[in-house]
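Structure first, commentary second.
Derivation of every value follows stated rules applied to the coordinates shown; laboratory data play no part. Computed from a predicted structure; not experimentally measured. Note: ideal-geometry Cβ built from the backbone for every residue, glycine included; neighbour counts use all protein chains shown.
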Amino acid sequence: MVARLTEARRVVVKIGSALLVRPDGTVRADWLAGLAADLAWLRRQETEVIVVSSGSIALGRTVLGLAPPLSLEQSQAAAAVGQIRLAQAYQDALAPAITCAQVLLTLDDSRDRRRYLNMRATFETMLSLGVVPIANENDTIATDEIRWGDNDRLAAQVAAMAGADLCVLLSDVDGLYTANPMLDPSAERLGTVESITPAIEAMAGEGVSGVSKGGMVTKVLAAKTATEAGCALVITKGDVPRPLKALQDGANATWFAAADDPRTARKRWIAAMPPKGTVRIDAGAEAALRAGRSLLPAGVTGISGEFGRGDPVAVEGATRLGVGLTRYTAEEARAILGRRSADIPALLGYPGRAALIHRDDLATE
């Protein structure tokens with residue numbers, strides 16, 4: 001289990017509106033400067049970081065002179081106006097030490113396997129380049145049926161998708177208590193939760209902030225998503241000058257343990273999928289896969305079945321090797337089988353991915 005921040009290779013940090021935006025709708029620049037110092041410190045430790053940040057609606061509604069409660073259309077308009085200001089605030093705070101990027105997501109992006117793989121690949125590329133992605137729900141287009149509804153669960157989903165070791169929820173409380181500490185003075189904070197039982201879920205209460213939407217219920221739901229994906233999750237108080245450094249130094253928190261590491265959890269998820277087709281490979285490709293490398297089109301000798309990009313397919317050499325998520329449709333795979341990756345643009349008419357199945361998307365038997 002990840003028990004300290006610097007033990008994690010990849011971290012997702014969730015920032016709520018109440019931490020980032022004052023009640024008057026302006027950015028808490030001093031707090032954001034402290035967070036920027038924390039992110040720079042983590043990057044110096046060679047820890048990869050993704051930030052999931054609320055705040056666009058809170059910033060935008062002030063500019064537009066809108067008072068809550070907002071209609072759906074007003075929220076979407078406020079998000080469109082506020083998102084520019086949110087991105088600018090992060091860029092100003094992180095530059096020049098850190099390059100940041102804006103990523104806007106909806107629930108459909110995680111439901112659709114093709115979009116999911118696109119997201120995963122994009123995050124991997126940004127992190128490999130030293131970029132800190134700043135993700136937020138795409139409130140401008142998201143309606144109820146395609147919303148996460150809160151950034152706690154969005155952060156957990158991003159952590160699962162990106163293969164993070166740890167998800168940090170910066171909150172208005174310093175962890176999960178046996179009861180609501182604002183109502184029950186005898187409530188005790190839990191230091192570690194090894195598994196999320198019905199009793200643990202019953203301890204969650206609603207938040208009291210007038211700005212943010214998330215409560216402890218959503219945080220425990222987020223913890224279930226993250227830990228099932230092999231990612232530990234921690235809830236700690238965010239309203240301090242250097243919240244991540246404070247966590248590293250032993251600040252009060254509740255740590256939710258992950259059952260497996262992210263890679264193992266992901267491989268188990270892939271292995272459980274029923275294949276929609278079969279990819280047959282030669283001896284050289286089989287040796288490469290057994291050595292932990294990706295499957296390139298040059299090593300493919302045959303394709304059977306009909307499948308789309310992101311679908312699970314069985315991989316067979318002399319014996320069945322396992323199940324992988326393909327980066328090409330069956331039609332595309334047939335067009336490029338046996339060919340070098342450099343030939344793909346000419347064969348398909350557009351640049352493709354070098355691997356037919358990336359090693360991270362293959363669960364071997």
Residues whose built amide H sits under 5 Å from the amide H of residue 276, excluding neighbours closer than 5 in sequence, are 313, 314
Amide H contacts of residue 321 (H built 1.01 Å from N, under 5 Å, at least 5 apart or other chain)
315, 316
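Could you please report the charge total around residue 345, scoring K, R as +1 and D, E as -1 over all other residues with beta-carbon less than 15 angstrom from its beta-carbon? Before the final figure, lay out each step's value.
Values: positive: 327, 339, 340, 353; negative: 332, 343.
Net charge around residue 345: +2.
Could you work out the helix-only [θ] at 222 nm for the chain, with each DSSP H run of four or more residues adding -39,500 (n - 2.57) and the total divided by the number of residues, to the nearest 500 deg cm²/dmol? It would help to have the intermediate numbers written out before the result.
Details: 14 runs with 140 residues, N = 365.
Value at 222 nm, helices only, nearest 500: -11500 deg cm²/dmol.
Can you tally the net charge around residue 305? Count Lys and Arg as +1, Asp and Glu as -1, for every other residue whose Cβ sits under 10 Å from the Cβ of residue 305.
Details: positive: 276; negative: 306, 311.
So the surrounding residues net to -1.
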Check which residues have an amide H placed less than 5 Å from residue 103's amide H, if you skip close sequence neighbours.
134, 135, 136
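Using C-alpha positions alone, give me the convex hull volume of the range 5-262 per residue in cubic angstrom. Provide the component values of the computation, followed by the final result.
On the way: hull volume 31.2 nm³, N = 258.
Looking at the range 5-262, the number lands at 121 Å³ per residue.
Quick one: if you take sqrt(5λ) for each eigenvalue of the C-alpha gyration tensor of the range 64-197, what semi-axes come out, biggest first, whole angstrom? Don't skip to the end; give the middle numbers.
Working: eigenvalues 151, 99, 63 Å².
Those come to 27, 22, 18 Å.
Given R₀ = 22 Å, what would the calculated FRET efficiency be for residue 22 paired with residue 72, taking r from the Cβ atoms and rounding to 0.05? Spell out each step's value before the answer.
Numbers: r = 25 Å, r/R0 = 1.12.
Step by step, r from the Cβ atoms, then E = 0.35.
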Applied in sequence order to the range 291-301, the curve 6.51 cos²θ - 1.76 cosθ + 1.60 (Karplus, θ = phi - 60°) yields integer Hz couplings, x standing for Gly and Pro, of 8, x, 9, 7, 8, 9, x, 4, x, 8, 10
If 231, 100, 167 are placed from fewest to most neighbouring beta carbons inside 10 Å, the sequence is 100, 231, 167
Would you count, across the chain, every pair of lysines whose alpha carbons are under 28 angstrom apart, provided the pair is eight or more residues apart or spans two chains?
17
Determine ³J(HN,Hα), in whole Hz, for all residues of the range 50-56 in sequence, where each value follows from phi through the Karplus function 6.51 cos²θ - 1.76 cosθ + 1.60 and θ = phi - 60°; x replaces Gly and Pro.
10, 9, 10, 10, 7, x, 5
Using Cα atoms only, what is the angle between the long axis of helix 151-162 and the major principal axis of the chain, expressed in degrees (0 to 90) to the nearest 10?
30
A correct Karplus calculation of ³J(HN,Hα) over the range 185-198, with 6.51 cos²θ - 1.76 cosθ + 1.60, θ = phi - 60°, whole Hz and x for Gly and Pro, returns x, 8, 4, 10, 7, 8, x, 9, 10, 6, 8, 8, 9, x
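Can you give me the orientation-averaged projected area of the convex hull built on the Cα atoms of the range 273-364, in nm²? Could the numbers behind the result be given before it?
On the way: hull surface 19.8 nm².
Mean projected area of the Cα convex hull: 5.0 nm².
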